[in-house]
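The values are calculated or read from the model by the stated rules, or taken from the named source; none is laboratory data. Computed from a predicted structure; not experimentally measured. Positions of Cβ are generated from backbone atoms using ideal geometry, with glycine treated the same way; all protein chains shown enter the neighbour counts.
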Amino acid sequence: MSSQLKEREDLLEALRRGIRDFSDQDVLFSQANADQMGLNLTDLKCLSILERSGAMPAGRLAELTGLTSGAITGLIDRLEKAGWARRVRDPKDRRHVIIEVVPERIPDIDQSLSELRSVLAERVADYTDEQLQLVLDFLGRGAAMFRDETVKLRAATSLKGAALPGDFSSPLGLLTHARLKFTSGASHVSLRAHPGMPELYTAHFEGRAPTVKEEAGSVSIQYPRFTLLDWRKLAADIVLNGSIAWKLELKGGVSRMNADLSELRLESIELTSGASDVTVKLPRPSGIVPIRVQGGLSHVTFVLPEGAAARLQVKGGVSALVFHEQSLGAAGGQIHLETPGAKHALDRFDIEVTGGASDLTIEGGNR
């Protein structure tokens, strides 16, 4: 090899190493920025794309990032919940929905990068305009290269049947009924429904991801064995398709769960091995909807929709019970309570708690 070719190879190798170092430092900076904004890294990068490129359909954001439609749905839900982005009607075609950055939050995004801008200006102060144009040309080519390679990696991952770490989804298909099962407990769970989503469900997990399987509409989530410290590092954000009926089964205990089921067609809930620090906002019942809790509960609230009927049975005693604006304090044995007219209501919740209860609240419902 001639010395000229070797010099070229050495330069290209130095360039590759420089790009890797730049990329590594960008990821570390972006992660620190994401932590400061209360986001994960992927969500921050997608927010950046929306801020730079403007509002776009979810499908276009999926194309630009290489993420699956299920992952994008969950990502947008998280950005919307955190107040960074929102779904709005496309002003050019009101039938379509686009995603945009919440205008009031744009100054917050600018502020997070303001110091970086000033430092960058200092670092390139001695570059000529021609040199800056060359840098811009290289950055444009580099960004296109990374986009192309990302698409290839995503495609290869899809062919292997793997999902992004922590992100799961399944197509709805022709399903009309489904079941969600936590088979080994759950902690720090956000659960909600979206009637218009194309997927059966989407799920995003922080920390070590569980094993997630879906077969014939039955979605099974199983965590490995964890220490108490491990459980504190976990979080789950799950969205269910609200256009079909669901049965929910949580076995092995559940703690710190916030479930907004107001847009879900709920058939039943079964909690086994107890529940603590749980809030469940229930939908309007269709028929008799059983809610079974075995193994006791503490600090649990069920919120009934206005006008909904409910019956409550507690076996094993209760302390700090609030039912339909009645504060009953502590009581032993079996307890039977119901909202006005619940006994003959065709649509109602039947809530049964076995194993005792502490700080149980049933609020809302019939007046």
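Points worth noting:
So that you can scan it fast, the table gives a plain yes or no per residue for (1) within 18 Å of E206 (Cβ to Cβ); (2) part of a strand (DSSP E or B); (3) touching a residue at least 24 places away in the same chain (Cβ under 8 Å):
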{"residue": "Q25", "(1), (2), (3)": "no, no, no"}
{"residue": "A34", "(1), (2), (3)": "yes, no, no"}
{"residue": "R52", "(1), (2), (3)": "no, no, no"}
{"residue": "R60", "(1), (2), (3)": "no, no, no"}
{"residue": "E63", "(1), (2), (3)": "no, no, no"}
{"residue": "L67", "(1), (2), (3)": "yes, no, yes"}
{"residue": "G70", "(1), (2), (3)": "yes, no, yes"}
{"residue": "T73", "(1), (2), (3)": "yes, no, yes"}
{"residue": "D77", "(1), (2), (3)": "yes, no, yes"}
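- Being over 22 Å from L234 (Cβ atoms), assigned by TED's automatic domain parsing to the domain that holds T176 and either surrounded by fewer than 18 Cβ atoms within 10 Å (Cβ to Cβ) or touching a residue at least 12 places away in the same chain (Cβ under 8 Å) (or both) holds for only one residue in A259, A275, A309, and it is A309.
- Single condition M197 does not satisfy, out of (1) crowded, with 17+ Cβ neighbours inside 10 Å; (2) at pLDDT below 80; (3) hydrophobic (A, V, I, L, M, F, W, C): (2)
Here is a yes/no grid of residues against (1) at pLDDT 85 or above; (2) under 30 Å from R123 (Cα atoms); (3) assigned to a helix (DSSP H, G or I); (4) of a type in the set (K, R):
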| residue | (1), (2), (3), (4) |
| --- | --- |
| G142 | yes, yes, yes, no |
| R147 | no, yes, yes, yes |
| K152 | no, no, yes, yes |
| A155 | no, no, yes, no |
| L164 | no, no, no, no |
| F168 | yes, no, no, no |
| S187 | no, no, no, no |
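Condition check ((1) within 22 Å of G196 (Cα to Cα); (2) touching a residue at least 24 places away in the same chain (Cβ under 8 Å); (3) among the acidic types (D, E)) across all residues:
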{"residue": "L11", "(1), (2), (3)": "no, no, no"}
{"residue": "R17", "(1), (2), (3)": "no, no, no"}
{"residue": "A85", "(1), (2), (3)": "yes, yes, no"}
{"residue": "R94", "(1), (2), (3)": "yes, no, no"}
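- Conditions (1) touching a helix residue (DSSP H, G or I) at 6+ places or on another chain (Cβ under 9 Å); (2) under 26 Å from S187 (Cα atoms); number of the one not met by V322: (1)
- Per-region count, segment 78-97, residues at pLDDT below 90 and under 19 Å from the mean Cα position of the chain (by Cα): 0
- Some residue of segment 286-293 being without any contact (Cβ under 8 Å) to a residue 40 or more places away in the chain and either out of contact with any Leu (no Cβ under 9 Å at 6 or more places or on another chain) or surrounded by fewer than 17 Cβ atoms within 10 Å (Cβ to Cβ) (or both): no
- Pairing residues of segment 201-217 that are closer than 18 Å to S243 by Cβ with residues that are assigned to a strand (DSSP E or B) and of a type in the set (G, A, S), at Cβ distances under 6 Å and at least 6 apart in sequence or on separate chains, gives T202/S169; E214/S170; G217/A178.
- Of all the listed residues (A309, A330), the sole one being out of contact with any Asp or Glu (no Cβ under 9 Å at 6 or more places or on another chain) and aliphatic (A, V, I, L, M) is A330.
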